[in-house]
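One structure is given below, encoded as structure tokens.
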Amino acid sequence: MMLEKIEKCPVCNSENYYMDIICKDYVISQEEFQIVKCQSCNFRFTNPRPGQQEIGKYYQSTDYISHQDDNEGVINKLYYIVKQKNLNSKLQLINDLYNKGSVLDIGCGTGSFLEICKKDGWITVGIEPDEKARKKAVQKTQGEVKENIYELPFQKFDIITMWHVLEHVHLLNETIEKIKQLLNENGKLIIAVPNRDSYDAKRFGTYWAAYDVPRHLYHFTQETLMQLMKKHQLKIFKVLPMKYDAYYISLMSLKHKYNQTRFVSAITTGLLSNKWAKKNNNNYSSLTYIFSK
């Protein structure tokens with residue numbers, strides 16, 4: 001398969017970057033992919049990478065949990081439990097930010113977040129490129145779920161969310177510009193991404209599950225995400241930790257490394273990661289960023 005090569009850093013447009021690490025796709029293909037680091041801004045991105053037409057096959061597996069509603073198996077059950085807790089936290093977050101308006105969830109998967117928002121009185125619209133997941137989202141919400149954001153030419157939203165989605169987007173800068181057009185003047189953009197500067201990222205190295213190549217095209221830190229958003233004139237409003245992620249990512253990373261499910265080690269590492277983050281610039285395993293115009 002031909003891979004596409006990115007000639008310029010998506011954040012600062014520098015053409016100077018070097019190979020940082022090589023990671024394996026442990027979930028689906030077992031192929032190896034290169035992550036490069038920009039010499040100018042330190043942004044890391046998967047390069048070369050599968051193009052938009054080729055990337056779909058790297059999501060087509062029952063092991064890729066975010067496109068499934070199955071809770072069979074221990075890890076899937078744990079993911080499902082944490083997912084339900086996170087859904088309530090996400091709903092509380094948008095309710096704190098805005099008094100019941102319209103929400104656009106980009107990369108909505110099977111529609112669980114949209115479903116809980118709609119039940120709570122929000123006007124909901126979803127974006128989901130994967131056809132199977134999109135159909136499930138439509139069934140759950142009985143609402144509008146589009147394949148891409150360009151099918152929404154005139155709509156405006158009070159809240160736009162991307163829960164672990166931005167790292168998957170091929171047209172990074174173009175997508176952010178389109179999101180700006182879709183966001184109301186007093187609206188909020190919520191972005192959750194893994195944090196390359198976390199304890200668990202340093203602890204697991206190339207086995208860190210949140211590298212998730214080739215599906216994760218970008219590997220953000222607080223500094224590089226802030227720089228990207230500043231480039232698009234979006235202002236940071238708040239940064240919040242996603243503490244549960246440290247445990248789940250540690251569990252998956254240990255499985256990658258040892259080909260075993262090690263619950264005790266995952267809990268220990270998750271605790272250490274969250275404790276370390278408190279003392280180190282809030283560098284939790286994953287972070288939720290809230291931006292405004």
Using beta carbons and a limit of 8 Å, which pairs, at least six apart or on different chains, have the first residue in region 1-23 and without any contact (Cβ under 8 Å) to a residue 24 or more places away in the chain and exposed (fewer than 13 other Cβ atoms within 10 Å of the Cβ) and the second one of a type in the set (Gly, Ala, Ser) and in a loop (DSSP other than H, G, I, E, B)?
Lys8/Ser14
Picking from Thr206, Thr261, Thr269, which residue would you name as being of a type in the set (Val, Ile, Thr), outside any strand (DSSP E or B) and crowded, with 21+ Cβ neighbours inside 10 Å?
Thr269
Residue identified as of a type outside the set (S, T, N, Q), closer than 15 Å to Thr206 by Cα and without any contact (Cβ under 8 Å) to a residue 12 or more places away in the chain among Tyr258, Tyr218
Tyr258
Among the numbered criteria (1) at pLDDT 95 or above; (2) in contact with a strand residue (DSSP E or B) (Cβ under 8 Å, 6 or more places away or on another chain), which one does Tyr98 miss?
(1)
Filter pass, Val193 being farther than 25 Å from Val36 by Cβ and among the hydrophobic types (A, V, I, L, M, F, W, C):
no
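What about Ile249, is it more than 18 Å from Asp197 (Cα to Cα), among the aliphatic types (A, V, I, L, M) and surrounded by 14 or more Cβ atoms within 10 Å (Cβ to Cβ)? Explain how you work it out, then say what you get.
Numbers: more than 18 Å from Asp197 (Cα to Cα): no; among the aliphatic types (A, V, I, L, M): yes; surrounded by 14 or more Cβ atoms within 10 Å (Cβ to Cβ): yes.
The answer is no for Ile249.
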Residues that are within 16 Å of Leu3 (Cα to Cα) and in contact with a strand residue (DSSP E or B) (Cβ under 8 Å, 6 or more places away or on another chain), drawn from region 36-54
Val36, Phe45, Thr46, Asn47, Pro48, Arg49, Pro50, Gly51
Could you give me the residue pairs with C-beta distances under 8 Å whose first residue belongs to region 121-138 and is on the phi < 0 side of the Ramachandran plot, whose second residue is of a type in the set (Ser, Thr, Tyr) and in a strand (DSSP E or B) wherever it lies, and which are 6+ apart or on separate chains?
Trp122/Ser102; Ile123/Ser102; Thr124/Ser102; Val125/Ser102
Exactly one of Ser265, Ser292, Ser285, Ser250 is under 25 Å from Asn13 (Cα atoms) and among the hydroxyl-bearing types (Ser, Thr, Tyr), and that one is Ser292
Options Leu171, Leu189, Leu217, Leu183: the member that is in contact with a Phe, Trp or Tyr (Cβ under 7 Å, 6 or more places away or on another chain) and under 18 Å from Val11 (Cα atoms):
Leu217
Test Phe220 against the criterion of being touching a helix residue (DSSP H, G or I) at 6+ places or on another chain (Cβ under 9 Å), among the hydrophobic types (A, V, I, L, M, F, W, C) and within 28 Å of Asn259 (Cα to Cα), and give yes or no.
yes
Among Val193, Val213, Val169, which is under 24 Å from Gln84 (Cα atoms), of a type in the set (A, V, I, L, M) and modelled with pLDDT of 95 or more?
Val193
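The values are calculated or read from the model by the stated rules, or taken from the named source; none is laboratory data. These figures come from a predicted structure and were not determined experimentally. Positions of Cβ are backbone-derived with ideal geometry, glycine not excepted, and every protein chain shown enters the neighbour counts.
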